[in-house]
1. Using a 7 Å offset from the Cα along the Cα-to-Cβ direction at both Phe17 and Val31, what is the distance between the two label points in nm, to one decimal?
2. If R0 is 22 Å, what FRET efficiency do you get for His246 and Ile87 from their C-beta distance, rounded to 0.05?
3. Between Lys207 and Glu188, what is the spin-label point distance in nm, taking each point 7 Å from the Cα along the Cα→C-beta axis?
4. GNM on the chain, C-alpha springs below 10 Å: top fluctuator among Lys105, Lys127, Lys94?
5. Would you kindly derive the ³J(HN,Hα) couplings of the range 212-225 from the backbone phi angles with the Karplus curve 6.51 cos²θ - 1.76 cosθ + 1.60 (θ = phi - 60°), listing them in order in whole Hz, with x for Gly and Pro?
6. What is the set of long-range amide H partners of Ile58 at a cut-off below 5 Å, with H atoms built 1.01 Å from backbone N?
7. Before I look further, what does the chain give for accessible area per residue, probe 1.4 Å, in whole square angstrom?
8. Which entries of Lys137/Lys207; Lys176/Lys207; Lys94/Lys178 show an alpha-carbon separation above 29 angstrom in the structure shown?
Amino acid sequence: MQATAAFSAVLGALNWFTDNFVRLADWYASVKRVDELADALEAVDAATLAGATETIDITRGEDETLRLQDLSIAHRDGRAVVDSATIDIQPGEKVLIGGASGTGKSTLIRAIAGLWPWGSGRIVLPKSAAVTFVPQKPYIPRAGLREVVSYPAAAGAHADEAIVAALERCGIGYLKTKLDDEEARWDETLSGGERQAIAFARLLLQKPAIVIMDEATSALDEARQTSLMALFQDELAGATLISVGHRPGLELYHDRAITLHREPAGARMTARPLRNSIGAFFRKRFGLKRG
């Protein structure tokens with residue numbers, strides 16, 4: 001009896017790890033996220049103490065042109081990423097940013113969107129235009145699908161008819177029957193392609209004047225990418241588009257390409273027109289003006 005009791009006690013102690021494995025995994029994930037946040041905050045503090053306090057000046061201009069004036073972008077530690085970029089982007093223009101990996105493409109558009117303050121120079125935003133940033137992995141709040149599609153607007157900001165029309169236009173109309181589903185975890189159930197399609201549906205609802213996209217079609221197949229990028233020639237034709245992407249066919253939906261070339265002092269920027277773009281074709285064919 002003593003041997004049996006001892007064996008049962010040891011077996012129960014070992015089974016504790018099996019019974020609590022999921023809880024231990026949750027604890028580990030939480031601790032890891034907190035530790036990464038602490039490291040990021042320490043890096044910011046270290047950069048500040050090292051003197052990397054110069055920041056990019058973002059202002060509103062007198063017209064609707066977006067301007068980069070002698071813009072230099074740096075890492076938090078002061079290391080140069082982009083050097084002395086100067087360019088004007090006209091209202092309604094579609095600009096594609098390219099370059100080798102690590103030249104600072106994503107950092108550049110984050111700076112334009114106001115998400116990266118480190119550096120010097122000026123970013124002059126249009127006088128009244130609102131800026132919408134679309135990341136590679138769009139944020140999906142823990143809420144019903146109606147709120148997910150309406151984000152960042154509050155629930156009820158858009159009529160159900162408009163939400164359904166946006167979902168159908170973006171090729172995910174099959175989700176319209178789930179608008180009232182408050183229990184689904186959309187941040188876990190939606191695929192990468194569906195997330196990006198929802199980001200385009202949000203653009204249809206919000207109709208922003210300036211759209212900044214960072215690899216926003218990377219999870220889409222070519223047919224879906226073609227359908228969604230066509231929004232910028234149809235429903236969102238008047239919007240200014242600044243995007244980073246490497247997928248084939250993206251040049252067709254842009255008027256100009258900006259390329260970043262790696263240099264020791266920071267990437268150098270060059271620009272060239274895209275004469276074979278769809279927008280350029282229609283402007284030449286019908287005499288249309290940009291925007």
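The values are calculated or read from the model by the stated rules, or taken from the named source; none is laboratory data. In this text, all values refer to a predicted model and were calculated from it rather than measured experimentally. Virtual Cβ from ideal backbone geometry, glycine too; neighbours counted across all protein chains shown. Just the protein is used for accessible areas: all its heavy atoms, side chains included, with ligands, DNA and RNA removed. Shrake-Rupley method; radii C 1.70, N 1.55, O 1.52, S 1.80 Å.
1. Each label point lies 7 Å from its Cα, and together they span 1.5 nm.
2. 0.60
3. Computed distance between label sites Lys207 and Glu188 equals 3.8 nm.
4. Residue with maximal mean-square fluctuation among Lys105, Lys127, Lys94: Lys127.
5. Ordered by residue, 3J(HN,Hα) equals 10, 10, 10, 6, 6, 10, 5, 9, 9, 6, 5, 5, 5, 4 Hz.
6. So Ile58 has HN proximity to Ile123.
7. 55 Å²
8. Values: Lys137/Lys207 20 Å; Lys176/Lys207 20 Å; Lys94/Lys178 34 Å.
Beyond 29 Å between Cα atoms: Lys94/Lys178.
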